Structure formats: C-alpha cells, structure tokens
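Okay, structure first, notes after.
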Amino acid sequence: MSPISSIMGEILLVAMTAEAGKATPMEVRDLAEWVVRPRLLGIPGVSQVIPMGGEVRQYRITPDVANMERLNISISQLQTALHGFASNTSGGFLEAQSQEYLIRNIGRTTKLEDMQQLVVAHRDNVPILLQQVAKVEFAAGVKRGEASFMGKPAVILSVQKQPSVDTVKLTREVESALAEINRNLPAGVKADNLLFKQANFIESAISNVEEALRDGAIMVVIVLFLFLLNVRTTLISLTAIPLSLLAAGLVFHAFGLSVNTMTLGGLAIALGELVDDAVVDVENVLRRLRQNALLPQPLPALQVIAAASREVRSGVVYATLIVVLVFVPLFFLAGIEGRLFTPLGIAYIVSILASLGVAVTVTPVLCYYLLGKQTAEEKPDSPLVRLLKRLDTRLLHWSFRHVKLLLSAAVIVVLLAIASIPFFPRAFLPAFNEGTLTVSLLLQPGISLTESNRIGTLAENLLLQVPEVQQVGRRTGRAELDEHAEGVHSSEIDVDLAPSERGRDAVLADIRSRLAVIPAAINIGQPISHRLDHLLSGVRAQIALKVFGDDTDTLRSLATALQTRLAAIPGVVDLQLEKQVRIPQLQVRVDYNKVQQYGVTPASINQALETLANGASVAQVLDNNRRADVVIRLQDADRTAHGLRNLLVETHSGYIPLQQIASIEDSSGPTRSCAKTAAAALCCPPMPLMVRIWQVWCKPSVPNLPISRCPKATSPASKGSSKRKRKLPNSLSCWRWYH
C-alpha cells in the first residue's frame, strides 16, 4: 500500500543543512528522519514526507573471513546469532494476588558494546564473541542518492499532500511546523530552506486572475456609464455582477468546489456578460417609461415595467441558453483536461444563469424603485450613443449601396479564416512562468554515485553564477523511500529565480551556455510543467517519440537517426536520446563441476556472495521511535575484483578462495534487463503540451512516404470496402524499409 498522493501532490521541497563542524551528515539525516518527518506527517493533509541525502545510520557487521576460517565460524552462524538481536518478546501472563501480570522479556539495547559481546559459537566450552570474527561499528548505509543545497551536502525532504487538500492552507501549516521545529533543532542545523513551494505559483496565478476580475469590473462600469450616462440605470445593471458572483459562490460551496485559478478564470470570462441580460431589460424598461411619459394618460409605472420586461424576456432567455450551451462540451472532456476545465465551465455557466435570474427578478424591481418616475424631459440617449447612431446610419446607407462588394468581401474573409486554421498555434495550456526551474542532468549510465555527485556539484556552482539564480538544490539518484526511482547517473536541480530585466528566454539561454561544458544531457523545464508531463505520459519532456521492437541494436540506430533529423527542426532544444548503453559489470560465474567436488551447491555460494558483497539486513535495533538496521557486509576494500577472487567461501571441505570454484571477469551488460524500446525525448519551450506518440506509424512519421508503398501496409481488408479499417503496418518494419 502506498500513500494517497500523486506526482502533482509534491507541494514543498525543504533543505536541511548544518554548519561546518556542528553536525555530521548522519546526525542531520537522523534529525530529518526521526524528528522533522514524524512532525510533518502528523499534520492533517500530509500524505508522505521523503527524506533524501545525508547518511542513514546502520549497525555494520563486517566479517573477518580469515578469523572465521580459523575459528570455524560460518556466515549462517553469524546470521543466526544476530537474528532477533535487541528485541523484546512476550511471556504471556501469570496470576498472582488476584491479579494478572503480563510477562515481558526485555532484550532491547542500543549499545554497540552489547552487540560486540554477542556470543556466536562455543569452542571447547569457550564462547566466541562477534567482535572476534567481525568488525562491529556504526556506519552509513549504502547510498543510491545524494542531495545538496547551494553546492553543499544537505538533506532534502519532499512533502506530498493528499488529494482534495487546500495546498495554500496546508503549506502555511507546514511552514508553521518547520518554524517550531527549527527552534528545537541543535545549534547550526536548519530546516527552513524552501527549494520549491507550489503555493507560490498558486497564489501568483490567483492574484493575476483577481486583478483581471478587478480590471474587468472597472471597465464594465466605465463602458456602461458612457453608454447609459445615467447613474441609476448603471447601478441597476451593475447589481447583476455581485449577485451573480455570490450565487456562483453558493454553488461552489454546495458542490465542494474550491476557489482556484480555473474557477476564477471562468468568472473572469463571464464578467463582461453578467450585465448583458440586465442591460437589455433596463434599456427596454427605460425606453417604455419614456414613451409612457409622453402619453396623455400615462399608465402605472409598475404595469409598464412588467410589460417591458416580458417583452424582452424570451430573447434574453434564448440568448443566455445559447451561450451556456457553448460551454457544455467542457464537461465531456476526460482525464486531466476534464479535471482542469470542468471547474471553469461550472463557474461560467452558474454565473451566467445567475445573471439571467437576476435580470428577470431583481432588475425589474430595482427599475420600479429607481426609474418609476422617469419623465420625458430627460435626454433619451448619451452623447456617445447619439454619435454612434449617426455613424451607424451613414454606414448602413453606404452598405445598402454596395451589397455585392460587402458580400464578396465577407466570403473572402471567411475563406481566409478557414485557410489560416492549420497555422494556428495549438496548446493545451498557456506557457507557465513559475519563477522556478527544474534542470535535469543525465550522465552516462554506469557512472559512480561519487562522480555523479561531483559533476552535479559543478553544475550547481555554474548555475549560481547566473545573476538571476537565488538558490539551487540538487537530488541525485533516488531516496530510500522514494517511489520515483532514478539511477545514480540522473540528477535533478531545482533553481529558484529572482525577477530580472532579462527575458526568460535570455536567462534559459545563459543557463544552457554555462552548462554546456558538462558531459551530460541537459533538460530545462519547470517543476509543475514537468509534473504535468509525467502525469500525462510518464516522460519528462513535451514531446516523446517511442520506437517499439525486439532488436535493441536496431532500435538504437533508428532512435539515433530520429535524433539527427529532429535536431534540425527550429525551436527544438534539450534533445535527448534515452540512455540505453552497455555498462561495466563484474560477473561471478560459478563452475558447477567444481562446486560439486567441494560438496556445496551453486545456490549456497550465490547466497553467501549476495550477503557479503551486497549486504543483508539480519535485525533491527529500536531506540524509542528510531530504528537502525543491523547489516552484514564486506568492507569496500574487499569488494573489488581482486578481493572477490581471494574471498574465502565456506564449503564442506573448509574455506577456500572463491576463484577456485568460480570465474570472475570484467564484462558489460544492458542498463535494463528488458530494454525493448529506444525513445527520443525533446522539449520545445513554445509548446506547453506534451504530445504522446506511443506507436510511430509510417504515414505521419516518415515525410513523403505514401503508406501504400510500405511493405506490409496493405491487407485483404484494405483492398475491399473503403468502410473497413485498414490494417496499419508495424512501425519498426516500416522504418527498416524506409532506411
């Protein structure tokens, strides 16, 4: 069972740092793992907190194989002795003095000395202690990831939230908890460096939409007053705006919708239309009241207003419903599109329908109270309306004299508009400007974590030379609890940018030019944009081309050809080919004939090698709420080709060097066990939508290649009725034929 969260739920990246000499990396990791993480997980709405970096504390057992041979101690004896170390058991209960007493067998300890004095076996009634056959110490666990902040080692915590939780509110609670934690941390250790804060983007987006709402409302007021030139009619019309927005808010509350960028965007789109129905009603009421005032015996104002409102009601209702129907298709969008645009459609439709309700109920009543005493002496129109009417009269007379010219021009304009549709830019969402960058570094697979960490630190220092860069934080490889696995050759750098006079493209160009000296494939994006790409297709790129097949070498050559052709397309940057190369391996191949001579099985040899070379956890030590694994593992100096050849392994004939029953040789192998696809991924900054092409067919992917010319492109179905679906060819065979 995994935590209830998604990749879009990562709301904060917090860097824990320590001043030089104040705390070791292991101590910082302990504080992050057992102090900060439990406190943050206790906040309602937080689903997961993943620490990365530092050193994970372990009780390391390093066997001394020479002493084990001398004392005739086997690996299995070490494992048996350590199994259940420092654990408590239950003894049930007993009855005494009319009460039940629970029996607890306390064996828990956290002292390293207790483990060193652990009895492994007896020889001639003399106990053999663990420290005689192994080195027992505190050591850092094997790392597959590193983290740094501002080019220095750090522990980075990724905070993820549960679905439907208010990100901004939860972020404030997490920041409050971090401030409380910082007051209780040891001197020199801080946990208040925020690398990424999703709430900043949300607040900025909402602020922008709020400004649009404010400016739109002001413009509506100005335009209404200029056309009506009447304070009372303007106020009556403007009443529709707050009432419609309040009605939309009540609907949001009833359906559990939040006030977010999309709902505010829907209200902003509808803002100019909220007064339409009221304006039509007010205009007709005002006109009828003026006409009524000129009659010898004027009718009652209430009767005139009711009749005037009914006169335009059908037109107002029809027009509103037609506008609402335009937005109905939004509710049929599936996936992330539906999740994004459905709130916008709800906000727009609810506010428009609310404005219709206001126009047929509130507006006539306000007209009765504010316009009931309308007289004929008042000016019928504002100066602007009178000017527009004069211009419109001239334009109409001219139009009737040039009917053919106008109709021909209209047809030409329509045809030009239709012809220009293929050239329209198409985007799922507008380009984000999050104020934060995510720089991905992809080194050659097979590189060590130490070297990858060194190159990553170099990249951080280069980024800090960019004037706009305020802070950087890096995560290399993967964390112990991270569900998103990355190899040690992969690094992700979060860059916080400050406002600048230089444009965003200039800043990105500067960053790319500085990072060009690093031997890595570089991809520059933004945190939320990258997460959207992952959510849509699982690839951190805006376009991904995947070629499928069974022959890895052929796939690699085809992907390389694609990469060469795509590199020539204007606007393509950060073009990358998936790193599927052969990496160095040290292969230990057991000789079945030789192990049979020594009376052991290959499985027992492989299991012993796995325990010694890779490490095996045999127990767990508890210290209050903290836990540390007890691991048996060879020291790094013996984990070499020479060390493994001379490693003594246990057989029924005694301990013998491994090289007597197995061959140890340098070799190479694939980066993945089942590498069947080669993908070319690229990023095009002008395109904020990632296009997924899971199967590259001949016709759309190969220019000037008719599908009928491709081998296997035709089938009996394609030669028959045109209504039958034609069987499309296999993409790999088409690419082979084409090349």
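The values are calculated or read from the model by the stated rules, or taken from the named source; none is laboratory data. Since this is a predicted model, take the numbers as computed values, not measurements. Note that each Cβ is placed from the backbone with ideal geometry, even for glycine, and that neighbours are counted across all protein chains shown. Ligands, DNA and RNA are stripped out before the accessible areas are found, and what is left, the full protein with its side chains, is counted by its heavy atoms. Shrake-Rupley method; radii C 1.70, N 1.55, O 1.52, S 1.80 Å.
For the reader, a short list of remarks on this structure follows.
- Positive minus negative residues near residue 584 (Lys, Arg vs Asp, Glu; Cβ under 12 Å): -1
- Segment 312-443 shape via C-alpha gyration tensor axes, a/c threshold 1.5: oblate
- Rounded to the nearest 10 degrees, the angle from helix 552-566 to the longest Cα principal axis of the chain is 40 degrees.
- Spin-label model distance (nm) - residue 27 vs residue 410, 7 Å beyond Cα toward Cβ: 8.3 nm
- When each of the peptides 304-316, 655-667, 387-399 is scored by the mean number of other C-beta atoms lying within 10 Å of its residues, the order from highest to lowest reads 304-316, 655-667, 387-399.
- With both labels modelled 7 Å from their Cα along Cα-to-Cβ, the residue 397 to residue 480 distance reads 8.9 nm.
- Residue 665/residue 83 FRET efficiency (R0 30 Å; Cβ-Cβ; nearest 0.05): 0.30
- Net charge contributed by nearby residues that have their C-beta within less than 14 Å of residue 74 (K/R +1, D/E -1): -1
- Highest-first packing order for the peptide set 142-153, 177-188 is 142-153, 177-188, based on the mean count of other beta carbon atoms within 10 Å.
- Helix 167-184 axis, angle to the chain major axis (alpha carbon atoms, nearest 10°): 40 degrees
- Degrees, to the nearest 10: 335-371 long Cα axis against longest axis of the chain: 30 degrees
- Only helical runs count toward this figure. For the chain, summing -39,500 (n - 2.57) over DSSP H runs of n ≥ 4 and dividing by all residues gives -14000 deg cm²/dmol at 222 nm.
- C-alpha center-to-center spacing [segment 439-481, segment 288-303] in angstrom: 80 Å
- Förster radius 30 Å - calculated FRET efficiency between residue 294 and residue 219 (Cβ-Cβ, nearest 0.05): 0.30
- Rounded to the nearest 0.05, the FRET efficiency derived from the C-beta distance between residue 319 and residue 187 at R0 = 56 Å is 0.20.
- If the chain linking residue 67 and residue 568 were pulled fully straight, counting 0.36 nm for each residue of separation and taking away their Cα-Cα distance, it would gain 173.9 nm.
- In this structure, the residue pairs whose Cα-Cα separation is over 21 Å, taken from 22/161; 111/135; 143/546; 152/190, are 22/161; 143/546.
- Gain upon complete extension [residue 421, residue 235; 0.36 nm per residue less C-alpha separation]: 62.8 nm
- Size of charge dipole - segment 380-529 - debye, nearest 20, with Cβ of Lys, Arg +1 and Asp, Glu -1, no other charges: 1420 debye
- Counted charge near residue 244, where neighbours are those whose Cβ lies closer than 12 Å (Asp, Glu -1; Lys, Arg +1): -3
- Overall, the chain carries a charge dipole of about 3100 debye about its Cα centre when +1 sits on the Cβ of Lys and Arg and -1 on the Cβ of Asp and Glu, all other atoms neutral.
- Report note on the peptides 101-112, 641-652: ranked by the mean count of other C-beta atoms within 10 Å, highest first, their order is 641-652, 101-112.
- Dipole-positive endmost among 26, 90, 266 within the chain (Cβ charges, Cα centre): 266
- Three-way shape call for segment 552-611 based on the alpha-carbon gyration tensor, with the a/c threshold at 1.5: prolate
- Cβ-placed point charges (K, R +1; D, E -1), dipole of segment 1-47 about Cα centre in debye, nearest 20: 80 debye
- For residue 142 and residue 560, the difference between the fully extended length at 0.36 nm per residue and the C-alpha to C-alpha distance is 146.9 nm.
- For residue 640, the accessible area of its heavy atoms, probed at 1.4 Å with every protein chain present, is near 60 square angstrom.
- The chain shape via C-alpha gyration tensor axes, a/c threshold 1.5: prolate
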